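Let me begin by presenting the structure, written as C-alpha cells, before commenting on it.
The values are calculated or read from the model by the stated rules, or taken from the named source; none is laboratory data. Note that the structure is predicted; figures quoted are calculated from it, not measured. With ideal geometry, Cβ positions are generated from the backbone for all residues, glycine too; neighbour counts draw on all protein chains shown.
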C-alpha cells in the first residue's frame, strides 16, 4: 500500500471520527414540566419529528443541575413543555434560544424572564387567537351579538378581542373586578348585558373554587359559558375550545427548526393553529340551546 493510499485512508477515518464527535451533540434538548397525558402526548409527537436532528430529553430538576446538564449536552436550541419548565429554563444563564410549548399564558407569565429580556424566547402558547375564538363563537352561536368578559384590572387579552369583534358582527362588554368578592355582581351585570360569557386565562378569577359557581350561574340564567380548555366542558360549560395536540407538536417542531436554522421571528409568541370545539350536550339542553346536526358533527360531544 502506497503512502498516498495510507494518507487517504487515514484522512477518511479522521473525518469519520470528527463526524461522529459532532453527531454526539444534539440539535435540541427537551425539558418537560412533569409526566401527564397532555405533556406526554405532545412530547411523543415532538420527539418523533425532531429525532433526525438529534434531541435529548432531560428531567426538570434543580436549576443548577439542569443548567449544568444543558451546558454539557450543548444543544443549539432548548425546547420546554409546560409553564414550570419554561419558567425555570427561561431564567437560566445559558446562551441557547428557548422554544416553549403548552404554556397557557406565555406573554404574561414569561415577559420578565431572562430569555425574554435577551430576546431569545419563542414559543406556542395555548390561548387561541382572537380570530379563532370569535370564529367559533359566531359559528356555534350565530345569534350572538354581545360577548361578556370578566377580568381583574389590566386585562391584556381584552383589547385584542374588542378590536377584532366588529369583524364578526360582535361587540364586547367588559366587567372589571377589583376583588374576587365582586364575582356574583359581575355575573349579574353580564346576564343583563351579554349573550354569553367567554372565560379568559386568569387564574385569579377562573380557578377550581370559582369555575363551578360561574358554570352554575350560566346554566340557571341560560347564559352560555365558553371555556378555554376541555376541562370547562367537562365541568358543565356548554362549549370549550380544545387543542389539537398533534398539530401543536408539529407547530412547535416547525418553530424549533426555524430557530435552529438561525431565523429569529419578529413575532416571538404564537397561538395554536387548530381548535377543536367540545360541546356539553347536556348543558345545551338545560339552557335551551339547539345546535344543528352539522355543527354537532364537527364537534366532540360530551354528556
- Message: What's the total number of residues in the range 159-191 that are buried (at least 16 other Cβ atoms within 10 Å of the Cβ) and in contact with a strand residue (DSSP E or B) (Cβ under 8 Å, 6 or more places away or on another chain)?
- Response: 13
- Keeping to the range 191-207, report how many residues are touching a residue at least 24 places away in the same chain (Cβ under 8 Å) and part of a loop (DSSP other than H, G, I, E, B). 8
- Query: Considering 56, 103, which residue is under 19 Å from the mean Cα position of the chain (by Cα) and not assigned by TED's automatic domain parsing to the domain that holds residue 203?
  - Reply: 103
- Message: Would you confirm, using the coordinates I've provided, whether residue 152 is within 19 Å of residue 206 (Cα to Cα), in contact with a strand residue (DSSP E or B) (Cβ under 7 Å, 6 or more places away or on another chain) and at pLDDT below 90?
- Response: yes
- Task: Take the range 244-267 and flag every residue that is closer than 16 Å to residue 97 by Cα and either buried (at least 19 other Cβ atoms within 10 Å of the Cβ) or in contact with a helix residue (DSSP H, G or I) (Cβ under 6 Å, 6 or more places away or on another chain) (or both).
- Result: 252, 253, 255, 256, 259
- Note on the structure: In the range 208-227, anything more than 15 Å from the chain's Cα centre (by Cα) and outside any helix (DSSP H, G or I) is listed as 208, 209, 210, 221, 222, 223, 224, 225, 226
- Item | Pick from the range 228-243, criterion touching a helix residue (DSSP H, G or I) at 6+ places or on another chain (Cβ under 9 Å) and either assigned to a loop (DSSP other than H, G, I, E, B) or in contact (Cβ under 8 Å) with a residue 60 or more places away in the chain (or both), ranking: nearest to residue 98 (Cα to Cα) | 243
